[in-house]
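**Student:** This is the structure I have questions about; it appears just below.
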Amino acid sequence: MAENFLAAQDLQKSFNGNKAVAGVSFTIGKGEIFGLLGPNGAGKTTTIRILSTVLDADAGDATIGGFSLRKNPAEVRSLIGVCPQDLALYEELSALDNLIFFGRMEGLDGKEARSQAMVNLALMELTERAKGKIAKFSGGMKRRINLAIALMGNPKLLFLDEPTVGIDPQSRNKIFETILNLRDKGLTVLYTTHYMEEADRICDRVAIMDGGKIVAMDTPLRLRSQIGDPDKVTLEDVFLKLTGRSLRD
Ligand SMILES: Nc1ncnc2c1ncn2[C@@H]1O[C@H](COP(=O)(O)OP(=O)(O)OP(=O)(O)O)[C@@H](O)[C@H]1O
Ligand SMILES: [Mg+2]
C-alpha cells in the first residue's frame, strides 16, 4: 500500500443548519486516483472546497502531503491544483493569458508562468489556439483549459470536480489520457463525476457519498462484486442500490 498523500478526518460543514458534509473521513494514497461519487447535493463539491482551503470546516481536519489544512493552509495550497465544477475563466482573455494569469496567482514569475502555460497548452493539444479568446472556444476546449489551469504550478494533488461534464468523447478522452499519464508520474487525484462508467474506468478506489456521508468505499471491482457478478453488475447498479432512486432536486 502506497503511503497516504491525503488523509481527511471527520470533516463537517453545515449551511444554515443543514449538514452538507456530516463527518467524512478517507485517505488517498500517493499516485492514486480516488473517485468521490454521489447524487446532486451529496456534499462532493463542499468536501473539495474544504480540502482545497476555500472553505473552513466546522469540525475535522485533513493532511495533504503531511501538512494540516488548519495549521498549514499555505503549504497545502502550494501542493494542490483545483479544476472547479463551475468554469472560472476570463472569457475576454486568450487561453495563454488565462494560464499565465493563474500561474502568477500560484506565485510563478512571468517567465516560468509562460513556459508552464505553453507546456500545459501542448498537453491539452491547444497550442495552436494559445492566442485565441476563451469566449470563442467550444465547451470541450474550455474544459481542457480548465484542466490546464489546474496544472499550473505543478501540483502534487489534483482536485477534479466533474471535469468532463457536457463534452464530446474526444475531449473527454484527452482529459482521461492526461490524468492517467500524470498519475503514472506520481500525481495524486481526487475525481468527482456523475458518469459511473468513467469512475469505473479510471478510479483506483471510489467513495460513494449521500447526504453528506460516505456510504461505501472500495475499488470499483470489489463494490460491483458485493452486489452480484462483477462482470454483469455496473457501478451504476451499485450507486442506485446504495443511494436509492428518489430524485434529489
Ligand atoms: N455556499 C452554500 N450555501 C448554502 N448551501 C450550500 C452552499 N454550498 C453547498 N450548499 C448545500 O450543501 C449541499 C451539498 O452541496 P454540494 O455542492 O457539496 O453537493 P455536490 O455533491 O457537489 O452536488 P452536485 O453533484 O450537484 O455538484 C447541498 O444541499 C447544497 O445546496
Ligand atoms: Mg458538486
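Bear in mind that the values in this text are calculations on the coordinates, not laboratory data. Every value quoted in this text rests on a predicted model; they were computed, and no experiment measured them. Backbone-built Cβ (ideal geometry, glycine too); neighbour counts: all protein chains shown.
**Student:** Multiply the residue gap between T219 and E177 by 0.36 nm, knock off their C-alpha separation, and tell me the result in nm, one decimal place.
**Tutor:** Value of the extension gain: 13.1 nm.
**Student:** Cβ neighbours within 10 Å, averaged per peptide: list 3-15, 173-185, 155-167 in order, most packed at the top.
**Tutor:** Ranked by mean Cβ neighbours within 10 Å, highest first: 155-167, 3-15, 173-185.
**Student:** Is there a pair in K71/K142; K19/K44; K30/K71; K13/K142; K13/K71; K44/K185 whose C-alpha atoms are over 24 Å apart, and which pairs would that be?
**Tutor:** Where the Cα-Cα span goes over 24 Å, the pairs concerned are K71/K142; K13/K142; K44/K185.
**Student:** Separate question: So what is the calculated 222 nm ellipticity per residue for the chain, using -39500 (n - 2.57) for each DSSP H run with n of 4 or more, over all residues, to the nearest 500 deg cm²/dmol?
**Tutor:** It comes out at -11000 deg cm²/dmol, rounded to the nearest 500.
**Student:** Same structure, new question: Given N residues in segment 1-142, what is Rg(Cα) / (2.2 N^0.38 Å)?
**Tutor:** 1.21
**Student:** Counting only C-alpha contacts under 8 Å and six or more residues apart, can you give the relative contact order of segment 136-183 as a whole percent?
**Tutor:** 46
**Student:** Let me make sure I get this right: for segment 90-205, a, b and c are the square roots of the gyration tensor eigenvalues over alpha carbons, sorted descending. Under 1.5 in a/c it's rounded, otherwise prolate if a/b > b/c, else oblate. Which is it?
**Tutor:** oblate
**Student:** What number, in nm² with one decimal, is the all-direction average of the projected area of the convex hull of the alpha-carbon atoms of segment 4-243?
**Tutor:** Value for segment 4-243: 12.9 nm².
**Student:** Let me ask something additional. Between D10 and M105, what is the spin-label point distance in nm, taking each point 7 Å from the Cα along the Cα→C-beta axis?
**Tutor:** Spacing of the two 7 Å Cα→Cβ label points: 3.4 nm.
**Student:** With N set to the number of residues, divide the alpha-carbon radius of gyration of segment 144-230 by 2.2 N^0.38 Å and report two decimals.
**Tutor:** 1.16
**Student:** So how do V233, V238 line up by other beta-carbon neighbours within 10 Å, fewest first?
**Tutor:** By the 10 Å Cβ count, ascending: V233, V238.
**Student:** Mind sorting L99, L247 by how few other Cβ atoms lie within 10 Å of their own Cβ, fewest first?
**Tutor:** L247, L99
**Student:** How long are the semi-axes of the equivalent ellipsoid of segment 64-139, defined as square roots of 5 times the Cα gyration tensor eigenvalues? Whole Å, largest first.
**Tutor:** 26, 14, 11
**Student:** Sort R129, R248, R143 so the one with the fewest other Cβ atoms within 10 Å of its own Cβ comes first.
**Tutor:** R248, R129, R143
**Student:** Moving to a separate point now. Could you sort 105-111, 210-216 so that the peptide with the highest average Cβ count within 10 Å comes first and the rest follow in order?
**Tutor:** In decreasing order of mean packing, 105-111, 210-216 become 210-216, 105-111.
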